[in-house]
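Report on one structure; see the data block that follows.
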Amino acid sequence: MINTTAINALLTAMADDALIQGHRNSEWTGLGPIMEEDIAFSSMAQDKIGHAWALYKIMQEELQGGDPDQFAFLRNEKDYKCCHFVEHPNGEYDFSLMRHFLFDHAEAIRYELLQQSSFQPLQPLAKKLKGEIKYHTLHANAWVSQLCRAGEESHARMQSALNTCFPLALGLFEPGGEAEEILIAEKVYPGEKAIKEIWLDKIYNILSVAGLNLPAEKDAEPVYGGRKGYHSIYLQPLLEEMGAVFRTDPAAIW
Amino acid sequence: MKTNGLNMVYYKVRKSNSFAPVILKVSTTADFGDRTKFSNLQDYQNNHSMYGGGYIFDEPNNRQLKEEQIHDDPEKLTEFEDRISRGEKIEPGDWMPSEYRRQLIRLIEQHAHSEIIGALPEGTWITRAPGFKRKLALIAKVQDEIGHGQLLYNAAETLGKSREAMINDLLSGKSKYSNVFNYPAETWADVTVIGFLIDAAAIVNQIANSKGSYGPYCRALERICYEESFHLKQGHDAFVELAAGTPAQREMVQDALNRWWQPIMHFFGPPDKNSTHSEKLMQWKVKMASNDDMRNQFLDTYVPKIWDMGLTLPDEKLKKDEATGKWDYSDPDWDLFKIVINGGGPCNKERLDVRKWAEEHGRWVRKALMNPKDKISAPVA
């Protein structure tokens with residue numbers, strides 16, 4: 001019997017990351033630099049929010065969790081476990097694109113590994129999600145490469161976006177302490193550090209082909225706190241907006 | 001090294017542009033401003049119908065085209081008109097009168113603008129949509145609208161005007177979009193009214209246009225109508241949920257209906273009796289149905305559905321004349337319609353400001369994409 005508290009913590013963090021990243025992606029609707037990117041970010045928003053929904057459903061069905069809508073839209077800020085990286089506003093397209101690149105490579109690796117999870121309900125989901133995220137990483141790779149080769153301004157923008165994003169992105173792999181140790185021992189997943197090492201190798205290769213310098217991990221101050229419920233200033237307003245209609249009557253059907 | 005300086009630039013840019021999501025919300029609090037200011041502006045033409053309303057805004061200065069019109073070869077013109085009367089489609093490389101080309105560009109371009117501007121009022125509610133089901137449906141729906149814009153710009157490009165030129169004309173105010181999107185979506189119920197009734201009205205118009213004479217436009221419309229029928233279903237579903245919901249939800253949807261009714265009545269354009277009816281455009285199958293006929297078709301299908309749900313519409317005269325099959329209604333305020341078209345609506349400025357933000361802040365991306373000498377030389381994945 002796998003430790004329910006530990007696995008709940010992992011699934012909540014994964015689902016909240018997907019939900020908030022999806023929310024941010026959806027904010028590009030109508031504002032993209034070209035219509036094709038509007039459509040791409042909308043597509044990814046739907047996938048991310050769908051991933052979050054699927055994870056909340058697993059928690060409901062397998063771990064005695066609450067109703068996914070209530071759980072996703074009505075918790076207090078401190079009960080969310082997303083990292084600061086996904087909470088940050090979209091800013092300019094360069095920040096959003098670089099976040100998408102770094103986030104989706106981490107997701108791809110995480111779900112790749114979760115296909116072998118000892119927590120059975122994650123296996124089919126991981127397989128399905130990995131298939132979808134493949135297209136997200138292909139999209140990010142193509143755009144990062146293209147913009148890095150298209151001249152000084154766009155290259156400079158991508159490098160500075162990478163510099164800004166990198167410490168935040170390390171927050172994706174915030175150590176989970178004792179709960180994480182249990183999950184590793186139970187072979188639910190290989191742990192955050194293992195995912196991060198594969199991720200660093202993967203992004204290093206793509207970024208160097210694009211001519212970008214990946215900042216050294218040892219010099220970066222990872223932005224942690226999200227997994228413990230300590231969030232950036234950006235999460236609370238986002239949650240107020242997300243639950244604004246739902247909260248007017250949570251018992252009603254919308 | 002050099003990254004320090006670049007970081008500063010980066011932060012400055014991000015900081016100065018952090019207002020993007022704020023712009024999206026300004027629309028809900030905008031007021032009408034000075035209604036009289038625009039009343040002397042260029043007269044609108046009202047001899048067409050389109051997604052966004054019953055007019056195609058005429059572009060100034062078409063002297064050049066008039067010259068060309070004189071030179072339209074009479075034999076070719078006869079052959080062209082014969083083809084249309086036989087029900088053939090005109091394709092991009094085919095000979096066509098310059099006036100036909102001009103009218104079609106205006107029609108399709110304004111339809112395309114209406115799709116991308118039309119994505120904005122509903123788009124502001126994506127982040128607030130209540131629950132996973134509604135949220136995912138709304139993102140997908142708004143995404144489709146942008147996709148329709150893309151299809152339509154492509155169709156218009158086959159006639160010789162580039163997407164960039166069309167978007168420039170949108171931003172400068174030279175080219176118009178549907179009047180209905182100059183009103184704010186104030187509550188969640190507004191989203192359901194738009195998704196149900198505005199989409200329904202658009203479908204009436206687009207099905208008529210899909211039987212027109214220009215091949216690329218017809219094919220784009222066929223796909224658009226297919227997708228719109230799903231939008232109508234999701235809009236109807238969300239609308240019914242409120243209409244059958246708690247007293248507060250019912251009140252919310254009734255209020256939205258009251259506010260949107262006049263813009264919906266405006267949607268198909270001024271009454272036929274006021275139109276300078278264009279025989280030529282009907283003959284060329286550019287215009288496929290009259291404004292009043294489409295409005296009547298819409299009322300006939302949807303008013304009974306609304307009444308069946310126990311909701312009311314803010315027009316005491318609204319009633320079907322069983323003898324003629326025509327609906328009677330109070331004339332909506334057509335002066336207001338003109339004012340809104342010409343920039344005096346509650347959200348005209350906000351809508352264009354959002355598009356301008358996207359154009360300005362996306363410029364470096366588009367510029368980078370157009371750099372022809374830097375092609376990707378290594379595999380990206």
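The values are calculated or read from the model by the stated rules, or taken from the named source; none is laboratory data. Worth saying up front: this structure is predicted, and the values here are computed from it rather than measured. So basically every Cβ, Gly included, is an ideal-geometry build from the backbone, and we count neighbours across all protein chains shown.
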Only listed residue being among the aliphatic types (A, V, I, L, M) and in contact with a His (Cβ under 6 Å, 6 or more places away or on another chain), chosen from B:LEU104, B:LEU120, B:LEU138, B:LEU152: B:LEU152
Scan segment A:60-100 for residues that are more than 24 Å from A:LEU207 (Cα to Cα), within 14 Å of chain B (Cβ to nearest Cβ) and not acidic (Asp, Glu) and jot them down. A:GLN60, A:GLY66, A:PRO68, A:GLN70, A:PHE71, A:ALA72, A:PHE73, A:LEU74
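Could you pull out the residue among B:ALA256, B:ALA289, B:ALA238 that is in contact (Cβ under 8 Å) with a residue 40 or more places away in the chain and not in a helix (DSSP H, G or I)? Walk me through it before giving the result.
Numbers: B:ALA256 fails: not in a helix (DSSP H, G or I); B:ALA238 fails: not in a helix (DSSP H, G or I).
Sole residue among the options that is in contact (Cβ under 8 Å) with a residue 40 or more places away in the chain and not in a helix (DSSP H, G or I): B:ALA289.
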For segment B:271-288, how many residues are crowded, with 17+ Cβ neighbours inside 10 Å and at pLDDT 90 or above? 4
Under 7 Å by Cβ, and 6 or more places apart or on different chains, what pairs join a residue from segment B:359-372 that is free of Cβ contacts under 8 Å to residues at least 12 places away in the same chain and of a type outside the set (Lys, Arg) with one that is crowded, with 19+ Cβ neighbours inside 10 Å and part of a loop (DSSP other than H, G, I, E, B)? B:GLY362/A:GLY32; B:GLY362/A:PRO33; B:VAL365/A:PRO33; B:ALA368/A:ALA150; B:LEU369/A:ALA150; B:ASN371/A:ALA150
Inspect segment A:92-106 for any residue being closer than 22 Å to A:ASP38 by Cβ and part of a loop (DSSP other than H, G, I, E, B) and give the result as yes or no. yes
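Conditions (1) facing chain A (nearest Cβ under 10 Å); (2) under 24 Å from A:ASP104 (Cα atoms); (3) modelled with pLDDT under 95; (4) not in a loop (DSSP other than H, G, I, E, B), marked per residue:
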{"site": "B:ILE341", "(1), (2), (3), (4)": "no, no, yes, yes"}
{"site": "B:GLU359", "(1), (2), (3), (4)": "yes, no, yes, yes"}
{"site": "B:LYS367", "(1), (2), (3), (4)": "yes, no, yes, yes"}
{"site": "B:ASP374", "(1), (2), (3), (4)": "yes, no, yes, no"}
{"site": "B:SER377", "(1), (2), (3), (4)": "yes, yes, yes, no"}
{"site": "B:VAL380", "(1), (2), (3), (4)": "yes, yes, yes, no"}
What pairs come out if I take residues in segment A:1-15 that are at pLDDT below 95 and pair them with residues that are of a type in the set (Val, Ile, Thr) whose C-beta lies under 6 Å away, six or more apart or interchain? A:ASN3/A:ILE182
Can you spot a residue in segment B:143-156 that is in contact (Cβ under 8 Å) with a residue 60 or more places away in the chain, within 18 Å of B:ASP237 (Cα to Cα) and crowded, with 24+ Cβ neighbours inside 10 Å? no
Within segment A:37-55, how many residues are out of contact with any Phe, Trp or Tyr (no Cβ under 9 Å at 6 or more places or on another chain) and at the interface with another protein chain (Cβ under 7 Å from one of its Cβ atoms)? 2
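Listed here are the residues, each with its yes/no results for (1) modelled with pLDDT under 95; (2) more than 18 Å from the chain's Cα centre (by Cα); (3) more than 11 Å from chain B (Cβ to nearest Cβ).
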| site | (1), (2), (3) |
| --- | --- |
| A:LEU102 | no, no, yes |
| A:GLU107 | no, no, yes |
| A:ARG110 | no, no, yes |
| A:SER118 | no, yes, yes |
| A:GLU132 | no, no, yes |
| A:ARG149 | yes, yes, no |
| A:ALA169 | no, no, yes |
Looking only at segment A:215-247, count every residue that is more than 9 Å from chain B (Cβ to nearest Cβ) and crowded, with 18+ Cβ neighbours inside 10 Å and tell me the total. 8
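Given A:GLU181, A:GLU186, A:GLU197, which one is closer than 30 Å to A:THR5 by Cβ, surrounded by fewer than 22 Cβ atoms within 10 Å (Cβ to Cβ), at pLDDT 95 or above and within 20 Å of the chain's Cα centre (by Cα)? Don't jump to the end; show me each part of the working.
On the way: A:GLU181 fails: within 20 Å of the chain's Cα centre (by Cα); A:GLU186 fails: within 20 Å of the chain's Cα centre (by Cα).
Checking each option against the conditions leaves just A:GLU197.
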So, in segment B:301-325, exactly how many residues are under 26 Å from the mean Cα position of the chain (by Cα) and more than 17 Å from B:LEU257 (Cβ to Cβ)? 0
Reported set for segment B:295-339 where residues are at pLDDT below 95 and closer than 30 Å to B:ARG83 by Cα is none
Has segment A:187-205 got any residue that is among the hydrophobic types (A, V, I, L, M, F, W, C), within 13 Å of chain B (Cβ to nearest Cβ) and in a helix (DSSP H, G or I)? yes
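Show me the helices (runs of 4 or more DSSP H) found entirely inside segment B:70-177 where at least 3 residues are of a type in the set (Asp, Glu), more than 14 Å from chain A (Cβ to nearest Cβ) and within 22 Å of B:TYR217 (Cα to Cα). Quick ask: steps written out before the conclusion?
Details: elements: B:74-85, B:98-123, B:132-157, B:163-172.
Passing ranges, in order: B:74-85.
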Conditions (1) more than 8 Å from every other protein chain (Cβ to nearest Cβ); (2) surrounded by 22 or more Cβ atoms within 10 Å (Cβ to Cβ); (3) not in a helix (DSSP H, G or I) -> A:ASP16 fails only (3)
